[in-house]
Amino acid sequence: TILTNVKESSRIWHTETFGPVAPIMTFNHEDEAIELANNSPSGLSSYLCTTDMSRAFRVAERLEDGMVGINEGIISTATAPFGGVKESGLGREGSSVGIAEYLETKYVFLNP
């Protein structure tokens, strides 16, 4: 489901939905788009489409989400860490990073 002309004040813009829904909002400048994307209590994933690789990495760095898809809508895979930030959760599952959630680290210093 694609929703166009979504307002920032709308419920769908501030609700983490788990379904095939894409609320679409227009913007004039890159900074405005990032501000709109980050103005949410959730932060599981964001997606952007661009042919400008400088923009792709610049925007991905500034997005407050656990995962970012660039030019791809299906970004989940067993080899990648899955998880969000903000109200979308803490920690990761999957990949070699996911095992760290189940480990205890101990530091031992010995001065003989």
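The values are calculated or read from the model by the stated rules, or taken from the named source; none is laboratory data. Please read these numbers as outputs of a predicted model, since none were measured by experiment. Because the Cβ atoms are built from the backbone with ideal geometry, glycine has one as well, and the counts that use them run over all protein chains shown. Keep in mind that these areas ignore ligands, DNA and RNA; they rest on the heavy atoms of the full protein, side chains included. Shrake-Rupley method; radii C 1.70, N 1.55, O 1.52, S 1.80 Å.
Before I look further, what does the chain give for accessible area per residue, probe 1.4 Å, in whole square angstrom?
It amounts to 76 Å² per residue over the chain.
Compute the longest continuous run of the chain that contains no exposed trypsin sites (Lys or Arg not before Pro); treat a site as exposed when its DSSP state is not H, G, I, E or B and it has at most 15 other Cβ atoms within 10 Å.
8-105
Which chymotrypsin sites (Phe, Trp or Tyr not before Pro) from the stretch 5-67 combine a DSSP loop assignment with at most 12 other Cβ atoms within 10 Å?
Here the chymotrypsin sites (Phe, Trp or Tyr not before Pro) that fit, given the DSSP loop and packing criteria, are Phe18, Phe27.
How long is the chain along each principal axis, judged by its Cα atoms, biggest number first, in Å?
Per principal axis, max minus min of the Cα coordinates gives 68, 30, 24 Å.
How much of the accessible area of the chain, in percent, comes from carbon and sulfur atoms when a 1.4 Å probe is used?
After summing per-atom areas, the C and S share lands at 56 percent.
What's the magnitude of the charge dipole for the chain around its Cα centre, counting Lys and Arg as +1 and Asp and Glu as -1 at the beta-carbon? Answer in Debye, nearest 20.
Using only the charged Cβ atoms, the result is roughly 140 debye.
Determine the calculated [θ] at 222 nm for the chain from helices alone, applying -39500 (n - 2.57) to every DSSP H run no shorter than 4 residues and normalising by the residue count; nearest 500 deg cm²/dmol.
When only DSSP H runs of four or more count, the value is -5500 deg cm²/dmol.
Work through the residues other than Ser40 whose Cβ is under 15 Å from its Cβ and net out their charges, Lys, Arg +1 and Asp, Glu -1.
Residues near Ser40 contribute -3 overall.
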